[in-house]
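Accompanying notes for the structure given below.
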Amino acid sequence: MEYDLLENREFEDWLVKLRREFHRYPEPGWLEYRTTVRIIEELEQIGIPVIWGRDLYAADCRLGLPEPEEDRAAVRRAIEETKREDLIAGMAGGFTGVMAVIEGKQTGPAVGIRVDIDSNELEESEAPEHRPAREGFASVHRGNMHGCGHDGHAAIGLGAARILCANREKLGGTVYLFFQSAEEGGRGAQAVVKKGLLSNLDYFYGGHIGINQAPFGTISASTYGFMAGTKFDVEFYGRASHAGKAPEEGANAIAAAAGAVLNLLAISRSGKGISRVNVGKIQGGSGRNVIPDYTLLKAETRGGSPEVSAYMFERAMSVCRGAAQMYGCDMNCRIMGESRNAECDGEMVRFVERSAAELREIKEIIPASDMGAGENITFMMNEVSRQGGQATFMLLGADIKAPHHSSTFDFDERVIPLAARLFAKLALDLKSEKRK
Ligand SMILES: [Zn+2]
Ligand SMILES: [Zn+2]
């Protein structure tokens, strides 16, 4: 393996610069226009063919798309920032993300790698203790922030692409490196799976920065404890009327929603595994003296197994239906995102352990760590396994400054070149693995 070529300052500086650029311009799921343009530009610069836009998705399977006005505003902003209307026109309407296709010069397996690129709806801290604020790369997109490390993941993907491209002579088979939109909220992976882009993969992997609190130099070769879950919006439709003169003619949508909230949080625990339920947002009503005719709840349920996840969601639906009926309202539920349980493949995990051990910056390899959360990649992992391929999801140790999804989240950037090398090395080493 030739790493010397890329174990240099120029490579590392390039990756950190990219991460900081992505960090400065965060874009939430399905709106990663600027980010996608920059990734395409860098891949083209390296000389790697790309698949993007409508070619990536089964359009109708994209979950939780933003409202059209929000999409148009994001498109306008990205065109202003990049001057690449030529590219953005082909992505408008939530067709962000890109897949790099790196063909090796030798025969070998089809390998899929996933990195995610979306940001979080968070206001980034301006405190001087927060390095992005102090060093001038904090978000310039108000209300959005890379609070989960996906800015680092995007850079890792580009780093791996560059190493693989430089090592094409030794690379066996083809690597499909997917920069995924809308991981947050469990929205992007399903539509790629449905498009069939992962249907012939022999091996598949991805990773996440910092989840298991391990220090830099530690990696976890696999992850367990992916929670399955459903993100959903419930709309209660009531009837407006005069709150003084004729309240009896109205149907109070806030009352229905309030009844739903209390009872959602009171769903009985399951004896069959861990469960979660949350209502994270409530919005409704028009004025003090009007019986409210509309209320929106944003909620989610989760479970440690498919059975518990289904139980939680079914219970949630009957609570919402019951609450609507109690107050004479109608209700409507829209699924906004989903995640699944998944298992990493044991053989693939052992391969990762062997291959990763040869990277000198890696000091410790943990066979498996608890995820304790959902990950949209599970749809892809399950698809690859279903087709007889092997998949794993790794955790990439990095000292983090604050919890994920918080306004002061930041991580040790040394993990970026390390993970780029790891991702590339795995793909190169898979050439000599025997298929099942
Ligand atoms: Zn996240
Ligand atoms: Zn994440």
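What follows draws every value from the coordinates through simple rules; no lab data is involved. Values in this document were obtained by computation on a predicted structure and should not be read as measured data. When we count neighbours, we look across all protein chains shown, and the Cβ atoms used for this are built from the backbone with ideal geometry, even at glycine.
What does the net charge come to around Gly210 if you take all other residues with beta carbon closer than 9 Å to its beta carbon, with K and R at +1 and D and E at -1?
-2
Report the label-to-label distance for Arg334 and Glu81 in nanometres (one decimal), using points 7 Å from each Cα along the Cα→Cβ vector.
Placing both labels 7 Å beyond Cα along the Cβ direction yields 2.5 nm.
Label points 7 Å out from Cα along the Cβ direction at Arg9 and Val140: separation in nm?
2.7 nm
From the residues Ile377, Pro49, Phe137, which one has its Cα farthest along the dipole of the chain in the positive direction, the dipole being from +1 and -1 charges on Cβ of Lys/Arg and Asp/Glu about the Cα centre?
Selected residue: Ile377.
Most exposed first by the Cβ proxy, i.e. fewest other Cβ within 10 Å, how do Trp52, Trp30 rank?
Fewest to most other Cβ atoms nearby, the residues stand as Trp52, Trp30.
Exposure proxy check: Val384, Val279 ranked by fewest other beta carbons within 10 Å?
Final ranking by Cβ density, sparse to dense: Val279, Val384.
Taking the inverse of the average 1/r across all pairs of different Cα atoms in the chain, what Kirkwood radius in Å do you get?
22.7 Å
Loop-only check: which GluC sites (Glu not before Pro) in the stretch 357-413 are DSSP coil with at most 16 other Cβ within 10 angstrom?
For GluC sites (Glu not before Pro) across the stretch 357-413 that sit outside H, G, I, E and B with at most 16 neighbouring Cβ atoms in 10 Å, the list reads Glu358, Glu361.
Take the residue pairs Lys194/Lys363; Lys17/Lys298; Lys195/Lys431 and return only those whose Cα atoms are more than 28 Å apart.
From the list (Lys194/Lys363; Lys17/Lys298; Lys195/Lys431), the Cα-Cα distance tops 28 Å for Lys194/Lys363; Lys17/Lys298.
Which of the trypsin sites (Lys or Arg not before Pro) across the stretch 195-253 are loop residues per DSSP, with 15 or fewer other Cβ within 10 Å?
Taking the stretch 195-253 and a limit of 15 other Cβ atoms within 10 Å, the loop trypsin sites (Lys or Arg not before Pro) found are Lys245.
Which value in deg cm²/dmol, rounded to the nearest 500, describes the helix-derived mean residue ellipticity at 222 nm for the chain, given -39,500 (n - 2.57) per DSSP H run of n ≥ 4 and division by the residue count?
-10500 deg cm²/dmol
Among Ser275, Ala255, Phe313, which residue has its Cα positioned farthest towards the positive end of the charge dipole of the stretch 228-339, with +1 placed on the Cβ of Lys and Arg, -1 on the Cβ of Asp and Glu, and the dipole taken about the Cα centre?
Final value for the positive-end residue is Ser275.
On a 0 to 90 degree scale, rounded to 10, what angle separates helix 415-429 from the longest Cα axis of the chain?
Once rounded, the angle reads 60 degrees.
With point charges of +1 on the Cβ of Lys and Arg and -1 on the Cβ of Asp and Glu, referenced to the Cα centre of the chain, which listed residue (Gly389, Phe22, Thr96) lies farthest in the positive direction of the dipole?
Value: Gly389.
Is there a quick way to get the dipole size of the chain? I mean about its Cα centre, with the Cβ of Lys and Arg at +1 and of Asp and Glu at -1; what is the value in debye to the nearest 20?
760 debye
By how many degrees, 0 to 90 and rounded to 10, does the Cα axis of helix 150-166 deviate from the longest principal axis of the chain?
30 degrees
Please give me, ordered by residue number, the trypsin sites (Lys or Arg not before Pro) of the stretch 285-375 that lie in loop per DSSP and have at most 15 other Cβ atoms within 10 Å.
Filter output for the stretch 285-375: Arg288, Arg360, Lys363.
When the chain is treated as a GNM, springs tying every alpha-carbon pair under 10 Å, which of Gly217, Gly186, Gly206 comes out with the largest mean-square fluctuation?
Greatest mean-square fluctuation among the candidates belongs to Gly217.
Normalised radius of gyration for the stretch 228-339, please: alpha carbon Rg relative to 2.2 N^0.38 Å, two decimal places.
1.14
Could you tell me how many degrees, from 0 to 90 and to the nearest 10, lie between the Cα long axis of helix 9-24 and the main elongation axis, the longest principal axis, of the Cα atoms of the chain?
10 degrees
Can you give the local net charge around Gly250? Use residues other than it whose beta-carbon is closer than 15 angstrom to its beta-carbon, Lys and Arg +1, Asp and Glu -1.
Net charge in that neighbourhood comes out at -1.
Using the crude model of +1 on Lys and Arg Cβ and -1 on Asp and Glu Cβ, and no other charge, please compute the dipole size for the stretch 184-251 relative to its Cα centre, in debye to 20.
It works out to roughly 140 debye.
Excluding Asp330 itself, calculate the net charge of residues whose Cβ lies under 12 Å from the Cβ of Asp330, where each Lys or Arg counts +1 and each Asp or Glu counts -1.
Counting the neighbours of Asp330, the net charge comes to 0.
What ranking do Ser125, Ser286 get, fewest neighbouring Cβ atoms within 10 angstrom at the top?
Ser286, Ser125
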